[in-house]
Every structure is written in C-alpha cells, then in structure tokens.
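The block underneath contains the structure these notes are about, expressed in structure tokens.
The values are calculated or read from the model by the stated rules, or taken from the named source; none is laboratory data. As the structure is a computational prediction, the values presented were derived from the model and not from experiment. Virtual Cβ from ideal backbone geometry, glycine too; neighbours counted across all protein chains shown.
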Amino acid sequence: MRFELTAYKKSFRKLFIATVFLFFFIASARLCRVDLGVFQQGIFEGLSFLSEMFPPDVAAFSEMIYPAFETILIALLATVFGALFSFGFALAGAANLSSPWLKTISRFAMAAERALPEIIIILLLVAALGLGPFPGVVALAVGCLGMLGRLYADAIEEVSPKTIEAVASVGATKMQIIQYVILPEVLPSIISNTLFRLEINIRLSVLLGAVGAGGIGYEIFYSFQLLEYERASTAIMVVLALVFLSERLSDYLRKKIATGGKLS
Amino acid sequence: MNALVIEKKFLPFEKLKKRVTVFSVFAIIVVAISIQLDFNPVLFFTEGHHLVNLLGEMLPPNIEVLWKRSNVFTSILETLAMAFLGTVLGGFMALAVAFLAANNTSPSSLVRSFCRLLMSLERVIPKLVMILVFVIALGLGPFAGMVTLCISTIGMFGKLFADAIEEVDVEPVEALYAIGANKLQAIKFSIIPQVVPSFIANLFYSFDVNLRAAIGLGIFGGGGIGFEIHMAMKMLRYSDALALILFTIVLITFFEKISDVLRAKILKSETLS
C-alpha cells in the first residue's frame, strides 16, 4: 500500500514540476514576443543579409590589423593589472592569512564584482573618463577581480597549514611566508587561471570595443552602423581567427602547466 | 670520492639572475604596451575626480525607478525570460546535437565530426556579432537576444554534454546490447539516465551565464534591463542608472545562489559555492 502511495506522490510531484515549468516557458515566450512567423521571415531576411556580407572586403583587411592588435593589447594589459590587483584582494580574502573582518570585506567585494557584468563597468567608466583604451583596460582589469580574486584566494587557502606553521615557527614574518610558502605553491594555479582569464578578456575586449574601448569590436559595430557589411565581415573574420588562436594557445599552455611542463 | 657539486643553475646568484631577467622582460613588455595604448596608470589617480564626480551624481540611487516606471518592471521580466528561454531551448538543442556529436551515440563518424565542427565554430563567434545579425533579421527586442543566447548555449554546452555522454559507464550499455537492445533502446535506458543529472546541473549553470549575457545583449538591441541601463546612462539619468545597476547585482547574486543550491542538490555532492 505504501509503495503505491509513494508512486502516486512521485507522479504528482512530476506533474507539479511540469506544470510550473510549462507556465514559466509560456510566460517567457510571451515576454520575449516569440513569434514563429517573425522567425520564419527572419530566416529569409537573415540569409539575404548574410549574402550582403559576402564577399568580405579584402581591401579593408590591412585596416583591421591595427585595431585587432589594439584589442589584444587591451586584453593583455588588463590581464596583467587585473591579476596583480586580484592577488592583493586574494591575500586579504584568504582565511589562513588575513583577519576575519578583512576577509569578509574582500570576499564581499569579489562577490559583488562577479555579479556586475563588465559591460556595465565600461558604461560607467566611459561616462566618467571618455572613450578610448584607458576605460577599456580599467574595466577589464576590474572585471578580473570577481573570478581571479576568488580562484586565487581559494588556491591560497588550500596551501597546507603545516608548511605555513613550519616557516612561521622559525620566525618568518607574514611577507616572508607569502614570498617563500604561498607564492611558490600557488604559482602554477595562478598562471593557469590567469591564462584562462586572458582568453576571456580577449573575447570581452572585442565586446567592450563596441561600447567605446576601441579596437576591432568598434570596427565591427561601426561598420554595421554605416551599413558597410562587407567591411564588417572582414573584421568578423579577423575576430574569429583571433579568438580561435587565443583559445588554442591558452589551452596548450594550460595543458603544459597541468602536466608539470617546465614553465615559470 | 663524491664531491658535492651544485649545478650552476641552482646557485643562488644564478637563480636571482634568472628571476631578474624574467621580471625585467615582463616589465618592459608591460611598459611598451602601455605606451602603445596611451595607457597611463597615473591617470587613474589624477583623473580619479571624474569618477568621484560621476559617483556623486549617481548617489543617492533613485530606487523608486524600479516600481514607478512600469517599463522597468517589464524589462526586468524580459531579461529573465530571455535567459530562461535561451537556456531551455538552447539546452535541449544542445542535448540533441550532443547525441549526434558523441562517438558512442552518433549515427556516423561523418555526422559526428560535422557536429563537433559546427559547435567549435559557433564557440568562436562573438555574441556581439550574433546579436547584431539577429537584430537585423528579427528586429530589436528580446526575441533577438533570446535567439542569440539559445545559439551560444548550444555551442558552449553541446560540447560539455557530448563529452559527458562519451564518458558514461560502458558496462550497463553493453549489458543492454547483450540482451538484444537496439541502439535507440540502449540510449534511452542506459545513457540518458546516466547523463540526466549532470545535464540538469549544467542547465542551472547555463542559466547563470545567460542571465549575465542577457544584460550585455540588451545594450546592443536585445531589450531588457541592459537596454534600460544604457538608456539611463545616455540620458544622464545617473541616479536611475545606479538603482538599476544595484538591482542587477542583487538579481544575479540571487539567481547564482539559487542555482548553486539546486545544482548541489541534484549532484548530491557538497556545495559548489
């Protein structure tokens, strides 16, 4: 008898979940104004639009090299500054190094930043500082905090307390503990996480370019606005190559580090 | 006799020399890039007052905007709907593609490599390009944003699912084949039950990712709260913008926590947060 009851309850629960799910699904579809007619028409419009993008404007290729270069540089610089800045927060946010209240503040800052999309940071910075690579670098560097700060802090917390105690017991100061115990131990994970972030930053740098950081993202956005679609497709090709290569490179280096390759 | 010979590269002086070289090369590169980009870190301190000014104009946040203007409420719902629908539709399409792309369930190796290629190609296309194209094809609004999220979910999670399917326990599958099941039956009774928990857990994660992305897409014509923030900034309604930004932070944190809890419950492991 009891078995039947559970079976009944189970199917009731399934039904309940399905109903709630269906409700959200339909409500979302209404809100998003999903319309299959529009979609069908959109396919044709999209295809005819894509045909306007071909062939890519080969002549514009040489104009794309510098913006692409700029995008990479923004991402690189932001990753370097962001990593340094995140490491500072990570030291303050690791339970085994800092005081409880400092840890709480630092962890809170990281969590708040993680919830703040980079694109909003750059909107604020552009409003305050104007257009150009400067707000781009700052936005991406700040954007590192939420992810890298937390990953670094977690890595620092995983350092064996015995090693720290051993060094502390012979009279090492906090700086010395950081230099001789923490840093060597967390360096591989720091490097591999930073490389991963670099890859993300290159993608983001393209996106932020469109709202005012310059670089290849700006070229794409601007070409779309000027209806120069062939030029836009050249820029898109360059971005595809850029993202693909950065993904491969970062994958390769990270694998090398994970397998204990000699790097650093 | 066994003389103690230390290799040259382990001598303290050589070690220091190596470190100094690495550090100075690194420093030179950073400085060169900074010069190239006109990036002057000092600027951050000298121009800091602009940021303070902006903050001064933003404070106090005009929280009332969240309920006084009805279109703000709608746009919040739009953002959530975009992320939800993008995750659900994209997730199921990702699952379908994943079955075609996993070597133990794919009908043929040709289909498999084609699907894998499609997914990796899709992963390198920036969302910026997708939203620009979809806005032209489908018009401004959350529909274009939703389709973008849908497609990026297929690229990102299709590969994850395909890898999960390839990693299933082979023994139950073989057992089913041994008692005469065909491929579809083996998939239905052995592979699907094995991958469903990780599939659902990943969907919750995907919702998190899509919610953040939905805000960014709003700025380029995807509608929703991102668009409202962009408009508020453009019209210099800074205190409204701050209220919306703060609300976005709360929203994202809230859904991150919920999805963490549900994910942990589904995976029956320790919390992921």
Go over the candidates A:54, A:44, A:85, A:69 one by one and state the one that is in contact with a helix residue (DSSP H, G or I) (Cβ under 9 Å, 6 or more places away or on another chain), among the aromatic types (Phe, Trp, Tyr) and assigned to a loop (DSSP other than H, G, I, E, B).
A:54
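Matching residues to (1) at pLDDT 80 or above; (2) more than 28 Å from residue A:234 (Cα to Cα); (3) within 12 Å of another protein chain (Cβ to nearest Cβ):
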{"position": "A:9", "(1), (2), (3)": "no, yes, no"}
{"position": "A:28", "(1), (2), (3)": "yes, yes, yes"}
{"position": "A:35", "(1), (2), (3)": "no, yes, yes"}
{"position": "A:60", "(1), (2), (3)": "no, no, no"}
Quick one: which of A:195, A:187, A:245 is touching a Lys or Arg at 6+ places or on another chain (Cβ under 6 Å) and modelled with pLDDT of 85 or more?
A:195
Boolean, residue A:181 is in a helix (DSSP H, G or I) and crowded, with 24+ Cβ neighbours inside 10 Å
no
If you check residue B:206 against the conditions, is it in a helix (DSSP H, G or I), buried (at least 22 other Cβ atoms within 10 Å of the Cβ), among the hydroxyl-bearing types (Ser, Thr, Tyr) and away from chain A (no Cβ under 11 Å)?
yes
Identify, from the list A:77, A:129, the residue that is surrounded by fewer than 24 Cβ atoms within 10 Å (Cβ to Cβ) and within 11 Å of chain B (Cβ to nearest Cβ).
A:129
Of residues in segment B:164-179 being part of a helix (DSSP H, G or I) and aliphatic (A, V, I, L, M), the one surrounded by the most Cβ atoms within 10 Å (Cβ to Cβ):
B:165
When residues of segment A:206-252 are limited to those that are acidic (Asp, Glu) and within 18 Å of the chain's Cα centre (by Cα), the one farthest from the other protein chains (Cβ to nearest Cβ):
A:251
